[in-house]
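Participant: Dropping the structure in here first, questions after.
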Amino acid sequence: DLALRLRMHHNNKLSTFNMHNNPKVATDISRLIAGHVGGQVFAAYVLCTAQDKDAVRLTLEQIDVIRRMCTENPEMELVTTAEGMKNSTKIACLISIEGGHSIDSSLAALRMFYQLGVRSMALTHNCNTPWAESSSSYYTYYQQKNNSLTEFGKAVVNEMNRLGMLVDLSHSSWETARAVLKHSTAPVIFTHSAAYAICNNIRNVPDDQLLLLKENGGLIMVNFYSSFVACSNNTNMSVVADHFDHLKRVIGAESIGIGADFDGAIGFPKGLEDVSKYPALIEELISRNWTEEELAGVLRLNFLRVFRKVEKVRKLILVSSSQNNETSQLKYCLNFLTHILTVSCSSAYSLYDNGYLYSQMEFLEEFLPVPFIFLEKDFCSLLSVIPIN
């Protein structure tokens, strides 16, 4: 949520913000390098109070500042694919939207955000949308009963699957999360949540949902915020590691990532105050017998695997859609061809003598394997045995 801090304190004026050394935030380039961070998801977040007002414009402005931040600093690189993130030799930046209120219930807005480089969206933040339910009851927007994911909500998930955009369930209610986990054809992620069994905060994920996530092939990225990991404002790194251990026991290390939520909250465990502290957590997990392979997955490979799978689902949907369109087009062409040939055979003149019918045939020329005059002759002689639909 560094972009949120930029808006709050600098009105998105990068020239007034020191990106390399800035003690007022938990994320800057020097500390990202110190923490050996090779990839960072930056959230384009706008307040829930913008819902039904100027949320789309404000989200565009947050996307703009993230894009400028990641393209104007030589240590950073904006990426939009799993391959781009894997191959980057800089700090790879991926853009997410935190809260479905940002699209103003518009699939067109969602598509345009994708075109601008957004590759992840949380369905809700701390407020309901007209089509999905938040885990928070702080705002009174769109209170829903027994409909945690509406038909339009399913359409949003479908469109995100089609685009190749990661569906983020952090901040979603448990009912919405379960509905999405059962509906999505692509893996989903919780970008900054923790284990409910360790800290019974409603923002965390219970074990039954974790099992659904495992079945879905998705990922939970562990939040470090003290209130979510210890259910208090005073904790240490050991409690965060407890969440990793629990998640590993329930769904395996391959389903875990890191989603600290630095600059999105105030109050982090002692020893995990900013992005430079990640190595300390890895040392703690090593002391708990986590293997090098497991930690490589948690740090990088698990997210890349899920991102690739989301991209693969996108390609499969595209191929399936293309094949369906071609099949429908071919069926239409064959039916239409049969119809006009029948008209031609039942008349005293060839199709070539009928200007209107001939003009209707022009768009079919590319589909014909032989000149039409031969088709017409053969068809007329066989008309009695060809079914007409």
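Participant: Cβ-Cβ under 9 Å, sequence separation 6+ or interchain: first residue in region 16-36 and β-branched (Val, Ile, Thr), partner part of a loop (DSSP other than H, G, I, E, B) and open to solvent by 50 Å² or more (accessible area, probe 1.4 Å). Which pairs?
Facilitator: Ile29/His20; Ile29/Asn21; Ile29/Glu75; Ile33/Glu75
Participant: A follow-up question, please. Any residue that is modelled with pLDDT under 95 and either closer than 20 Å to Met165 by Cα or open to solvent by less than 20 Å² (accessible area, probe 1.4 Å) (or both) - is there at least one of those in region 68-75?
Facilitator: No, there is no match, as no residue in region 68-75 is modelled with pLDDT under 95 and either closer than 20 Å to Met165 by Cα or open to solvent by less than 20 Å² (accessible area, probe 1.4 Å) (or both).
Participant: Among the residues of region 93-132, how many are among the small types (Gly, Ala, Ser), within 15 Å of Glu61 (Cβ to Cβ) and free of Cβ contacts under 8 Å to residues at least 60 places away in the same chain?
Facilitator: Matching residues across region 93-132 total 3.
Participant: Would you point out the residue of region 229-239, among those that are assigned to a helix (DSSP H, G or I) and closer than 10 Å to Phe268 by Cα, that is most open to solvent (accessible area, probe 1.4 Å)?
Facilitator: Met237
Participant: Here's a follow-up. Failed condition for Glu83, given (1) open to solvent by 50 Å² or more (accessible area, probe 1.4 Å); (2) in a loop (DSSP other than H, G, I, E, B), with all others met?
Facilitator: Among (1) open to solvent by 50 Å² or more (accessible area, probe 1.4 Å); (2) in a loop (DSSP other than H, G, I, E, B), the lone unmet condition for Glu83 is (2).
Participant: In contact with a Gly (Cβ under 7 Å, 6 or more places away or on another chain), of a type in the set (Gly, Ala, Ser) and either more than 23 Å from Phe268 (Cα to Cα) or assigned to a helix (DSSP H, G or I) (or both): is that true of Ala3 in this structure?
Facilitator: In short, no.
Participant: Could you tell me which of the residues Asp261, Asp245, Asp274 is open to solvent by 10 Å² or more (accessible area, probe 1.4 Å) and closer than 30 Å to Thr150 by Cβ?
Facilitator: Asp261
Participant: Take the residues of region 91-117 that are in a helix (DSSP H, G or I) and of a type in the set (S, T, N, Q): which is surrounded by the most Cβ atoms within 10 Å (Cβ to Cβ)?
Facilitator: Residue satisfying both the conditions and the ranking: Ser102.
Participant: Of (1) among the hydrophobic types (A, V, I, L, M, F, W, C); (2) assigned to a helix (DSSP H, G or I); (3) over 17 Å from His125 (Cβ atoms), Val56 satisfies all except one. Which?
Facilitator: (3)
Participant: Would you pick out the residues in region 55-109 that are closer than 30 Å to Tyr142 by Cβ, touching a helix residue (DSSP H, G or I) at 6+ places or on another chain (Cβ under 7 Å) and among the charged types (D, E, K, R)?
Facilitator: Asp104
Participant: Scanning for something over 20 Å from Asp168 (Cβ atoms), in contact with a strand residue (DSSP E or B) (Cβ under 7 Å, 6 or more places away or on another chain) and polar (S, T, N, Q), does region 57-71 turn up at least one residue?
Facilitator: So far as region 57-71 goes, yes, one or more of its residues are over 20 Å from Asp168 (Cβ atoms), in contact with a strand residue (DSSP E or B) (Cβ under 7 Å, 6 or more places away or on another chain) and polar (S, T, N, Q).
Participant: Here is a further query. Any chance region 118-137 includes a residue that's more than 19 Å from Asp168 (Cβ to Cβ) and either at pLDDT 95 or above or open to solvent by 10 Å² or more (accessible area, probe 1.4 Å) (or both)?
Facilitator: yes
Participant: In addition: Give region 166-203 a look and list any residue that's assigned to a loop (DSSP other than H, G, I, E, B) and within 15 Å of Glu133 (Cα to Cα), or say none.
Facilitator: Leu169, Ser170, His171, Ser173, Ile202, Arg203
Participant: Can you pull out every residue in region 279-297 that is surrounded by fewer than 20 Cβ atoms within 10 Å (Cβ to Cβ) and closer than 25 Å to Leu2 by Cα?
Facilitator: Correct list: Pro279, Ala280, Ile282.
Participant: Next up: Residues being surrounded by fewer than 21 Cβ atoms within 10 Å (Cβ to Cβ) and not in a helix (DSSP H, G or I): count how many of those fall in region 204-215.
Facilitator: Looking only at that region, the number is 1.
Participant: Residue pairs, Cβ under 6 Å, 6 or more apart or interchain, first in region 44-64 and among the small types (Gly, Ala, Ser), second open to solvent by 10 Å² or more (accessible area, probe 1.4 Å) and assigned to a loop (DSSP other than H, G, I, E, B). List them.
Facilitator: Pairs found: Ala55/Asp104.
Participant: Which of the residues belonging to region 216-228 are of a type in the set (Gly, Ala, Ser), open to solvent by less than 20 Å² (accessible area, probe 1.4 Å) and within 22 Å of the chain's Cα centre (by Cα)?
Facilitator: Gly218
Participant: Please determine whether any residue of region 249-265 is over 24 Å from the mean Cα position of the chain (by Cα) and within 24 Å of Val188 (Cβ to Cβ).
Facilitator: yes
The values are calculated or read from the model by the stated rules, or taken from the named source; none is laboratory data. It should be emphasised that the depicted structure is a prediction, and the values quoted were computed from it without experimental measurement. Backbone-built Cβ (ideal geometry, glycine too); neighbour counts: all protein chains shown. In case anyone asks, the SASA skips ligands and DNA or RNA and just uses the protein heavy atoms, side chains included. Shrake-Rupley method; radii C 1.70, N 1.55, O 1.52, S 1.80 Å.
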